[in-house]
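Engineer: Below: one structure in structure tokens.
The values are calculated or read from the model by the stated rules, or taken from the named source; none is laboratory data. Since this is a predicted model, take the numbers as computed values, not measurements. A quick note on method: Cβ atoms are made from the backbone with ideal geometry, for glycine too, and the neighbour counts reach across all protein chains shown. Side chains included, ligands, DNA and RNA excluded: accessible areas come from the protein's heavy atoms. Shrake-Rupley method; radii C 1.70, N 1.55, O 1.52, S 1.80 Å.
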Amino acid sequence: MYAKPSAIRSSVPKGNNSAASAIKSLKAIHQITGQYLVDKKNVQAADQRNTSGDVSDRDMEEAFSVLTEVKQLLASSAGYRMMAAAVVVPPKPIVEKSSDGAARPPPQEVIMGLFAQMSVVSAINLFKHWGIFDAIPIPIPITVTNNNGSGSEESELNGGISFADLAEKVNVEQSLLIRISKMLTSTAILGRSQDGLCLYHTPTSLFLVSTHPMSAMFSLLHTNIVSVSASLPSYFDTYGRREPVGVNHVPLTVHEKKPELKYFDLVCQDPKRMAEFMKAMSITHSSRVPTVGIYDMTLVLSEARAGGRETVWVDVGGGGGHSVKLFLREYGGHDGLKAHQCVVHDLDDVVQEGARRAGVQEEDDEMKGVRFLPLDFHCQSPVKGALIYYLRHIMRDYSDPVCSNILRNVARSLSPEARILISEQITPEEGPPTTSQPSSQQMYAAFKDFSMLSIGGKERSLDQWRSVAAEAGLEISRVYMDPKGTAHGVVELKLADTWSEEVSA
Ligand SMILES: C[S@@+](CC[C@H](N)C(=O)[O-])C[C@H]1O[C@@H](n2cnc3c(N)ncnc32)[C@H](O)[C@@H]1O
């Protein structure tokens with residue numbers, strides 16, 4: 001049974017600062033109107049009125065009058081916009097049974113669906129370009145204390161903006177804005193009010209606001225995958241139907257008409273692009289792609305405690321020092337790894353920026369003492385004498401011969417007890433092809449590999465790791481998989497018995 005609208009009317013708050021209570025009233029009214037519609041349908045279908053929970057026409061009239069009252073109240077406190085948010089229900093695909101009895105959409109749906117997904121990506125890209133995600137007000141969490149003082153409740157004002165205001169704010173024709181927004185409201189990436197007049201953020205779209213690192217990651221992937229995709233056929237027509245092997249003349253640099261440049265040189269040339277790249281990288285340290293908690297740090301910690309080595313941990317291509325920071329946080333402290341025992345190597349511009357940020361932004365001093373040193377790993381070797389040479393998300397940017405060359409350069413700094421750690425995806429060997437449901441895990445692994453193709457890189461299976469290591473005079477000593485079951489792992493390498501400076505030359 002639902003509360004009577006008259007009872008709800010008496011609980012509608014009168015003050016401007018009671019938006020959350022008013023929202024509660026509005027929710028209750030929505031339940032009544034929802035039930036009313038169900039009842040009406042039942043009546044039309046089988047004349048089954050007067051079942052329990054029915055809402056009478058009079059109740060309904062009163063509900064609408066309360067609704068108007070609450071809406072007026074909320075409009076005056078800007079809270080109305082929250083409750084006007086629509087609940088978007090994504091369309092259900094038409095489903096057929098395949099020969100093995102499993103449910104799957106018909107082929108034409110599968111193919112059309114791919115373009116529908118692609119159109120979502122295009123719409124997001126355009127909205128990012130127009131600054132739409134930044135222009136939609138962000139929901140503000142508010143805490144409401146109960147009247148009886150028994151506690152408090154978190155509620156949210158959904159922000160939101162009318163299409164008319166938004167069109168003016170971002171200088172886009174309103175009808176065009178509405179058309180494109182449908183790609184995102186129909187997929188629940190943005191929310192739309194029931195009256196269709198307003199646009200709202202959802203938890204997903206908040207990740208696309210320009211200050212969020214995911215927004216930078218979106219742009220990076222859009223450039224590297226979507227922009228390049230149209231020129232892939234001509235790339236392979238020109239360069240041959242084989243994997244790119246060099247550091248330059250990769251699909252992205254060819255697409256951008258700077259084939260002689262390496263991908264990272266292209267990024268470094270443009271400070272805005274560089275900043276966005278660094279921001280995007282900060283999000284690659286996540287539960288899906290963990291950094292700490294995989295490698296057994298026992299030996300590292302005992303070396304750090306013993307204090308005999310000037311350098312224990314070297315992060316090769318360590319960017320702004322994100323990984324070192326995480327390791328110091330997890331394994332640092334009095335008895336653990338010290339900042340001054342760590343080195344971050346990267347390109348000159350990057351380490352300068354990393355060092356500046358470590359100096360300027362680390363209020364808790366956790367990175368103070370970390371040495372940021374320039375290195376070009378294609379032609380130089382890192383500092384000598386460390387126990388660990390850590391390469392996270394480096395190898396995947398390059399072809400097999402380039403990887404082996406980088407590893408060989410690192411190996412030249414290795415003592416027999418030292419180890420190289422490659423922290424990357426260890427692509428699971430593909431299982432038997434499925435005739436029914438596609439495997440999302442295999443699809444994700446394939447997507448990551450495909451996305452690296454544009455810059456001439458690739459993801460690797462354990463066999464492929466073994467082979468690039470062997471080419472560099474190294475061998476796998478241990479493999480650590482993420483205990484949480486992701487495809488991310490750490491491949492530990494040591495000098496092979498056969499390794500010698502001559503072999504590595
Ligand atoms: C994909 S990012 C990985 C960054 C970091 N290891 C992480 O996991 O977040 C690749 C890094 O390699 C660096 N890099 C690219 N070319 C390099 C080179 N020739 N020598 C040293 N570092 C390089 C880039 O600047 C960037 O920081």
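Engineer: Report, to the nearest whole %, how much of the accessible area of region 248-379 belongs to carbon and sulfur atoms, 1.4 Å probe, protein only.
Structural biologist: Whole-percent figure for carbon plus sulfur exposure: 51.
Engineer: Taking the mean number of other Cβ atoms within 10 Å as a proxy for protection, how do you rank 197-203, 347-353 from highest to lowest?
Structural biologist: So the peptides 197-203, 347-353, ranked by packing, come out 197-203, 347-353.
Engineer: Can you pull out the GluC sites (Glu not before Pro) in region 253-337 whose DSSP state is coil and whose Cβ has at most 11 other Cβ atoms within 10 Å?
Structural biologist: Hits after loop and neighbour filter: Glu260.
Engineer: With N set to the residue count of region 213-280, report its C-alpha Rg divided by 2.2 N^0.38 Å to two decimal places.
Structural biologist: My calculation over the Cα atoms of region 213-280 gives 1.14.
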